[in-house]
Amino acid sequence: MIVLALISAACALVDAFYLQLERKYRELYKRSVAKMEEDRPHKEIYDMDVRKIKMNYWRCLFSKSLWMPYGIILALLLIWLFLSCLHPCGLPTICCK
């Protein structure tokens with residue numbers, strides 16, 4: 001069960017990184033559209049470097065889109081932990097017939 005929790009946490013961290021990257025590219029797109037409307041040079045418009053855009057990683061980690069799936073997984077793991085503490089073999093309906 002600990003392995004499942006660690007795998008879920010690792011997946012959530014990776015998903016948060018990619019969500020942060022996606023939000024950076026969305027912001028870059030908005031800025032590029034604004035630069036196009038200002039008739040800026042193409043070199044500025046098509047610069048795809050997102051390192052200069054600041055986006056909070058923790059905000060992405062605790063966003064609704066990540067807490068929906070990983071919250072369900074966490075809740076199921078907590079229920080499993082609770083039930084395994086109540087009965088020595090884990091879930092009584094499965095192993096103790």
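Quick note: the coordinates plus some simple rules give every number you see, no bench work behind them. In this text the structure is predicted, and so the values were computed from the model without any measurement. A quick note on method: Cβ atoms are made from the backbone with ideal geometry, for glycine too, and the neighbour counts reach across all protein chains shown.
Spatially close Lys pairs in the chain, defined by Cα atoms under 17 Å apart and a spacing of eight or more places or different chains, total 9.
Exposed loop sites, defined as chymotrypsin sites (Phe, Trp or Tyr not before Pro) outside DSSP H, G, I, E and B with at most 16 other Cβ atoms within 10 Å, are absent from the longest region of the chain, namely 1-45.
Per-residue 3J(HN,Hα) values for the stretch 38-50, derived from phi via the Karplus relation 6.51 cos²θ - 1.76 cosθ + 1.60 with θ = phi - 60°, read 8, 6, 7, x, 4, 4, 6, 5, 9, 6, 9, 7, 9 Hz in sequence order (x marks Gly and Pro). Per-residue ellipticity at 222 nm from helix content only, as computed over the chain with -39500 (n - 2.57) for each DSSP H run of at least four residues, stands at -24000 deg cm²/dmol.
Let a ≥ b ≥ c be the square roots of the eigenvalues of the Cα gyration tensor of the stretch 2-95; is it rounded (a/c under 1.5), or, if not, prolate (a/b larger than b/c) or oblate? Prolate, since a/c reaches 1.5 and a/b exceeds b/c.
Between CYS85 and ALA10, what is the FRET efficiency for a Förster distance of 25 Å, r being their Cβ-Cβ separation, to the nearest 0.05?
On the way: r = 25 Å, r/R0 = 0.99.
Efficiency for this residue pair is about 0.50.
What angle do you read, to the nearest 10 degrees and between 0 and 90, between the alpha-carbon axis of helix 64-86 and the longest principal axis of the chain? Result, in degrees: 10.
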